[in-house]
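The values are calculated or read from the model by the stated rules, or taken from the named source; none is laboratory data. Owing to the predicted nature of the structure, the values given are computational and were not obtained by experimental measurement. Cβ atoms come from the backbone with ideal geometry, glycine included; neighbour counts cover every protein chain shown. In case anyone asks, the SASA skips ligands and DNA or RNA and just uses the protein heavy atoms, side chains included. Shrake-Rupley method; radii C 1.70, N 1.55, O 1.52, S 1.80 Å.
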Amino acid sequence: MSIGNQQRRYDELADLVAGIAIGLIFTQIIVGLDKINPAFIDWILVPGSDTSYHYLAWEYFKDTPWRWPLGRLEGYAYPMYNSVMYTDSIPLLAFVFKFFRFLLPDDFQYFGIWHASCYILNAYLGIKICRQIGWSSMLSWMMAPLFAGSVVLVARFGHAALCGQWVILYALLIYLRRNQYAVLNVKLRLGALVFITSLIHPYLLFMVLGLVAATPIQLKYEHRIRWTSMLGFILICMALTLFGWYISGAFLFKGQLSEGLGRYSANLNTLFNAWDVGRLGKSFKYWGDGQGEGIGYLGFSTIILVIIIICNEMVQWWMNRLTMVPAKPHPLNWFFLVCIVFFVFALSPKWTLGDHLLIDWGYNDYISRTFRGTGRFIWPLHYIILFWVSRKLFLLRFKTSYNVILLLIVLILQTLDLSPLWKRKPYIDERFNNLTFGNQIKHLISLSNKVLVYPPYTSNIAGYCDYIYFVDIAQHYRKPITAGYGARFPEQIGRAFRDSVADLSNYLKDHPQDIVVTNADSLLLHQHLIKSLGGKSYQFDRYRVYLPPSLVSKSIQSMVDDDSWQVTAKSEAISLKDYLSASLDDYICGVVQQEAMSGIKKETKEFLKSRGAPMDSIVFGTSWAFVWYGGKFIRQHYSNSMAVHDSIQLQGCTTPIHVNLLSGGHLAGKNESSIRVNGVEHSKMKRGLNLIVMDSCGQVKDKVHMDGYVSDAWIVR
């Protein structure tokens, strides 16, 4: 092996190691290296995280038997089927890992690996682009963080597939090296890139298709290939796209078109608008609430470099004009032209500057509605500007020592400016919120044929995006579930299923092995099912699970709190507001035990406040004891730091009524309550509001419990 070849191999290895090191540093800064562990899923199953539904769909895809098209998945959002393309589960990796599913643990995620790969590839390809320009190894490594830490990449970490922006950089690298390879080699590389990108994400694919087309067009412009060769290759790329989409299941059904075109566009100020991600740059106004999709901020130091380079170019142009030096013609750069076209599309169809709408083209064609997040098409221009800055700096021909100092200043300023991005989003390090009574819920789901979340396809059963917990449990037991989220679904199938379960009792007669999951407020529905079909309904905090008769006998009583069944049987649908309003001539004594505010609705709080309750001060875990009479609170005490004790003597028919109240809230570290009337205990001593109703003679007429931690819509007698 010659010394030159040996040196090149050494340089290649050094660049690769540098790219991996820089990429892993950014992985740690943005998402944390612990996310690379494929068995660690706690960071994924968090309400509001897009990665949650990407992961859950992959889990169902893993268990779906292989069939054509390969990307089909079933059981998720049953009876609708879907594709790993429309759930953004990165088909490229989903296919690879599904082939080895028999080796995988039950909990397996590849999204952390994908994030790390994206930062590594962005860093490595940034190094190779700088090396192609002519930078030395060390200076190329110093330039790489501008590519790996690009705002358009870092800001997308919550949407894993869209972090695959290294495909844009690879398309640029092939374009730059087009004259170093044989034409066939160029086409093979570009074709492979198109096919791979077709298995990542449609947005990235359409960007890559445009950028890939720039290379054969440039080769034709430079007279290296013929028209037929250029057009033939573009047709091949389109065929590869269709094939990639076909095997991933993109043509399984005709999905609904997206709405919101123009809302998720880019602003004309996006490249220099610091938004909320830059500390040193100027933050300008923007139009609407969706233009964060089109964020393309270059960073403070990059903007300064752009200004310096433009000023230098203007000076050079003026000096050449004064000295009569003829200007050198610039060859047409088709890659740059494609980036400009994408920039125009990113603005569409509403061109905005700051918070001003300049032009509204008003068109609404199929492509635009399919790609409603047009602002994302700013990414190619963002990266080509980084390349342009790198190239122009190199052409200034500074001494190496000057370049090192300059790049150190650039990196320090960029780091200071983009420091808000280096702080990972709060939810990414939150831990999985295990369901209360999780083992009992798992046991009931394990008995079923499928899990009917009712109403079907709701994301918020009793809390924000809490469907993810039930989908995760159902997948572990290989049970279809009527919940799930994706970019597209066969809506006709979904509508037909909704119609079929409108009469839930009749549906369950034909499907006696299904269980029903609802929020706790659906008390009347469960009581109706029990009355018409039998079976049992269990309440687990904010959720109710109906178990049909055929499964009741299979359930293990030690696994399920049968007290919960008694709660459902003895509950009555009446709101706290109505319960209080119905007793104008009676005394109502109430005490909070542990917690009673989480499930109180806004309108109920307003009602209580209008009747004298200090609702601005009564919060989660407050100790609160009160007496209600004549439609208002006549006595009350509360505390956010200690238990509340109160003794009151009420006017009775013949003798005074002695009432002793005790409320022990969570903030006081207590879980106790007491309502004693003339020495006799009447509190239910349950979490929430414990209430008694007594007449003016002190005779107790009603004793109820309302679990305000869960809901204010029903009571238990």
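Observations, loosely collected:
- Crossing angle, helix 523-533 versus the chain [Cα axis fit, 0-90 degrees, rounded to tens]: 80 degrees
- Ordering 389-399, 482-492 by mean Cβ neighbour count within 10 Å, with the highest value first, yields 482-492, 389-399.
- Solvent exposure of segment 38-174 amounts to 25 Å² per residue of accessible area, where only protein heavy atoms count and the probe is 1.4 Å.
- Residues in segment 641-711 average 46 Å² of solvent-accessible surface per residue, probe 1.4 Å, ligands and nucleic acids excluded.
- With the whole protein complex present, MET319 retains an accessible surface near 100 Å², based on a 1.4 Å probe.
- For peptides 265-278, 7-20, sequence by mean Cβ density within 10 Å, most packed first: 265-278, 7-20
- The chain: C-alpha gyration tensor shape, a/c 1.5 cut-off, then a/b vs b/c: prolate
- Helix axis angle, 3-30 relative to the chain longest principal axis, alpha carbon, degrees: 20 degrees
- In the chain, the calculated helix contribution to ellipticity at 222 nm averages -14000 deg cm²/dmol per residue, counting -39,500 (n - 2.57) for every DSSP H run with n ≥ 4.
- No disulfide-compatible partner, judged by a Cβ distance under 4.7 Å, exists for the following cysteines of the chain: CYS130, CYS237, CYS311, CYS339, CYS465, CYS589.
- Note that segment 378-418 presents 47 Å² accessible area per residue, ligands and nucleic acids not counted, probe 1.4 Å.
- Angle between the chain longest axis and helix 400-417 axis [Cα atoms, degrees, rounded to 10]: 20 degrees
- Carbon-plus-sulfur accessible fraction, segment 98-255 (probe radius 1.4 Å, protein heavy atoms only): 69%.
- Taking every C-alpha pair closer than 8 Å and separated by at least 6 residues, the mean separation divided by the residue count of the chain gives a relative contact order of 12 percent.
- Hydrodynamic estimate: the Kirkwood radius of segment 562-717 over Cα pairs, inserted into Stokes-Einstein at 20 °C and 1.002 mPa s, corresponds to D of 140 µm²/s.
- Within the accessible surface of segment 510-622, defined with a 1.4 Å probe on protein heavy atoms only, the carbon and sulfur portion equals 51 percent.
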